Amino acid sequence: MKEIISITVNRLNWGGPSICDTKGDGLWDNNSKLAIHWPIFSENILDDEKFSRKYLDKFYYSYSVNDYIKPINFDYIDINDIVTRNRVWDYCKKIIIYYKVDD
């Protein structure tokens, strides 16, 4: 049996069709995989904090607001982007990204 844990999260905002259009919170589609552009994310959410791996376990996702959220599966870090193994789209549902609020 799985234990259900309650955490407080904020939902991150997608920008326009490209990160160059409307920046949102730095989320973008990198060859169908979710990527987070750190400079934009950090500016919007963390007051320009430099990247640290400690932030990686604070990201969660779901494909529906009615689903349980799950930790994001990070793949690699490339220059200013954190690229995940998570698909941006699950059929017609776009991934919803959450960031854990510190207690």
Stretched fully, the stretch from S32 through E3 gains (0.36 nm per residue minus C-alpha distance, one decimal, in nm) 7.3 nm
Considering only C-alpha atoms, what is the centroid distance from segment 83-103 to segment 45-74, in Å? 8 Å
Report, in debye and to the nearest 20, how large the dipole of the chain comes out about its Cα centre when Lys and Arg carry +1 and Asp and Glu carry -1 on their Cβ. 380 debye
For the chain, the Cα gyration tensor yields equivalent-ellipsoid semi-axes (√(5λ), largest first, whole Å) of 21, 17, 13
Checking segment 15-75 for trypsin sites (Lys or Arg not before Pro) in a loop per DSSP with at most 14 other beta-carbon atoms within 10 Å yields K50
Which stretch or stretches of segment 56-71 have amide N atoms under 16 Å from the point lying 7 Å from I45's Cα along the Cα→Cβ direction? 56-63, 69-71
Contour excess over end-to-end distance, with Cα ends at S64 and R85 and 0.36 nm allotted per residue: 5.8 nm
What number, rounded to the nearest 500 deg cm²/dmol, is the helix-based mean residue ellipticity at 222 nm of the chain, given -39500 (n - 2.57) per DSSP H run of at least four residues and division by all its residues? -2000 deg cm²/dmol
If you average the sequence gap of Cα pairs under 8 Å that are 6 or more apart and divide by the length of the chain, what percent do you get for the contact order? 30 percent
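Taken together, the values in this text are just the output of simple stated rules run on the coordinates, not laboratory data. Worth saying up front: this structure is predicted, and the values here are computed from it rather than measured. Glycine also receives a Cβ, built like all others from the backbone with ideal geometry; neighbour counts cover every protein chain displayed.
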